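Scroll down for the structure; my scribbles are underneath it.
Rule-based calculations on the coordinates, nothing more; no lab input. Keep in mind that this is a model prediction, so the values were computed, not measured. Cβ: placed from backbone, ideal geometry, glycine included. Neighbour counts: every protein chain shown.
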Amino acid sequence: MKILVVGQGIAGGMLAWTLHHRGAQVHIADAGLPGGSSAVAAGILNPITGKRFVKSWRYDEFYQTAESTYRSVGTSLGISIWTEQPMLRLLGSAEEANNWSARCALADYADHMAEPQNAGSWAPYIRPGFHIGLIKKAARVHFDLLLDAWRKWAQQEGLFSNKVIDYPEIEKLSAAYDAIVCCEGYRGGDNPYFPDLPWQIAKGEALLIRLASPPGAVLGEMLKKTMTLVPYGSNLFWAGGSYQWHYPDLKPSAGERDYIVRHLNEMLAVPFEIAGHHAGVRPTVKDRRPLLGQSSLNDKVFLFNGMGTKGALLAPYWAAHFSDYLIGGKALDAEVDIRRVRGA
Ligand SMILES: Cc1cc2nc3c(=O)[nH]c(=O)nc-3n(C[C@H](O)[C@H](O)[C@H](O)COP(=O)(O)OP(=O)(O)OC[C@H]3O[C@@H](n4cnc5c(N)ncnc54)[C@H](O)[C@@H]3O)c2cc1C
C-alpha cells in the first residue's frame, strides 16, 4: 500500500514509522512550518492530572504501549529516548494534601501516587510550606532527539520531502497514492477535507531555565505545581507550559514569559536565568480525544490528529491502532473515530 503522510511531528512521525515497519510504502512530507507543537514539548507522560488528581484516560494501557514502542524505536535508531522519571507534586494547601492522601489510599492509584516524607534533593530549591506528593509511573520522551533521528532516517531511506502539501494538490496526489494521511498538528483545523471538527487549539509557551544550584547537584525528579520543571542536565530545566486560546501570532510572547516566571517564583526558592523561550500550538479537541478517520469528501484522505496535550502518551498506541485500520482493515475505536463528532 502506497501512503503519503503529511506532517512529521510526533503523530505523523510515529504513524509513518509504524506503517513502514508493517510493510507499507510510506512517503513523508513536512515543511517545518512555524507553530509545530512537538518541537517545543517536553514529552512528559504523567498519570495524575487536574485539580482533582484523577488518573488520565486509559493511562496504563497507553503507557505500556508507549514504553515498549519508544524503547524499540530508540534501539532501532541507536538513541536513548525513553526515561522513566518520577515527578514531585507540590501541594499548596491542606485541602490539596488531604485530597492527595485520599487518592493514595485507593487501590487503583497506589501504583501511581505516594506521600514521601519530604522533597529529597529538591528540598533546598523549593519554597517552604508545601506538602509533597510523588507521582510514579511518569516518564519522558526525548522528542528533540527522536524528531531529529526520524528526519535523518526518512531522508536516508529516500522517504522524505521537505515541502508543504497544499490542499488543492491533494486531489491530484490522491491519484498517485492509496492513502494520504493528514498529521498536520493544529493546522488540521483548516483542513477542508475535515470540516466542522470540534477543535479547541491552544498555543503554549515554555522556557529553558538555568537554576542557581551547586555544580553536580542531582535533581532527578520532575517537579510540578502550576508549571512543570523537567531536568535537562547541567542545571538546565524545561519549564512550562502556558495555555492560550486567543493569540495574535505564533511567536513567544513577553506576557507568557512573565506568567511562567511568576509561577516559577511561587515554586522555587532559588534564582534562575532564562536560557530559552519557545512557543507551539497544541492540536487540542473539545472532548480531549484524538481525531482519527476518513474524509467524507475523498475516500483516500485520512486524518490522524488531535493528540492534544498528550502526544507522547497517545501517539504510539493510536499509531498502531490506525495502522491496523488502514492496512489491516480493522474497525476504528469509536472513542477516537471522527464520526463521533462529525458535524458537531
Ligand atoms: C508548550 C507545550 C508543552 C507540551 N508538553 C507536552 C508534554 O510534556 N507531553 C506531551 O505528551 N505533549 C506535550 N505537548 C503537546 C504535544 O506537543 C502535542 O500533543 C504533539 O506534539 C502534537 O503532535 P503533532 O504531530 O500532532 O503536531 P505537530 O508537532 O505540530 O506536527 C505537525 C507537523 O506537520 C507539519 N505540517 C503541517 N501542515 C503541513 C503541510 N500542509 N505540509 C507539510 N507539512 C505540514 C508541520 O511542519 C509539523 O512538523 C506540549 C505542547 C506545548 C505547546
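Here's the picture: charge each Lys and Arg Cβ at +1 and each Asp and Glu Cβ at -1 in the stretch 116-206, and of Gly188, Gly158, Gly120 the one pushed furthest to the positive end of that dipole is Gly120. Remark on the stretch 50-95: ratio of C-alpha radius of gyration to 2.2 N^0.38 Å is 1.61. With the convex hull of its Cα atoms as the shape, the stretch 113-205 has an orientation-averaged projected area of 11.3 nm². In the chain, taking the dipole from charged Cβ atoms about the Cα centre, the farthest positive-side position among Gly329, Asn99, Ala31 is held by Asn99. What FRET efficiency do you get for Ala175 and Ile79 if R0 is 45 Å and r is their Cβ-Cβ distance, rounded to the nearest 0.05? Calculated value: 0.75.
Quick query: amide H of Ala202 versus all other amide H atoms, modeled in the peptide plane; which residues come in under 5 Å with a sequence gap of 5 or more or a different chain? Hits under the 5 Å cutoff: Arg282, Thr284. From the alpha carbon centroid of the stretch 86-163 to that of the stretch 276-344 is 24 Å. Using only side-chain charges placed at the Cβ, +1 for Lys and Arg and -1 for Asp and Glu, the dipole size of the stretch 80-141 relative to its Cα centre rounds to 200 debye.
Dipole orientation for the stretch 202-282: of the candidates Ile260, Tyr247, Leu207, Tyr247 has the Cα lying most toward the positive pole (charges on Cβ; Lys, Arg +1; Asp, Glu -1).
Projected onto planes of every orientation and averaged, the convex hull of the alpha-carbon atoms in the stretch 202-282 covers 5.2 nm². The distance from the alpha carbon centre of the stretch 182-236 to that of the stretch 1-71 is 14 Å, rounded to a whole number. Overall, the chain carries a charge dipole of about 280 debye about its Cα centre when +1 sits on the Cβ of Lys and Arg and -1 on the Cβ of Asp and Glu, all other atoms neutral. Distant-in-sequence amide contacts of Val181, defined by a placed amide H-H separation under 5 Å and a gap of 5 or more residues or a different chain, comprise Leu4, Val5, Val6, Phe302.
The order of Met267, Met87, Met14, going from fewest to most other C-beta atoms within 10 Å of their C-beta, is Met267, Met87, Met14. Which pairs in the list Lys2/Lys172; Lys55/Lys286; Lys55/Lys310; Lys51/Lys286; Lys2/Lys203 are over 25 Å apart, alpha-carbon to alpha-carbon? From the list (Lys2/Lys172; Lys55/Lys286; Lys55/Lys310; Lys51/Lys286; Lys2/Lys203), the Cα-Cα distance tops 25 Å for Lys2/Lys203. Using 0.36 nm per residue and subtracting the Cα-Cα separation, the extra length available between Tyr167 and Arg339 on full extension is 59.8 nm.
Mind putting a number on the dipole of the stretch 202-282 about its Cα centre? Charges go on the C-beta only, +1 for Lys and Arg and -1 for Asp and Glu, and I need it in Debye to the nearest 20. It would help to have the intermediate numbers written out before the result.
Values: 8 positive and 7 negative charges, 24 e Å.
Computed about the Cα centre, the dipole is about 120 debye.
Our compactness index for the chain, the C-alpha radius of gyration over the empirical 2.2 N^0.38 Å, is 1.02.
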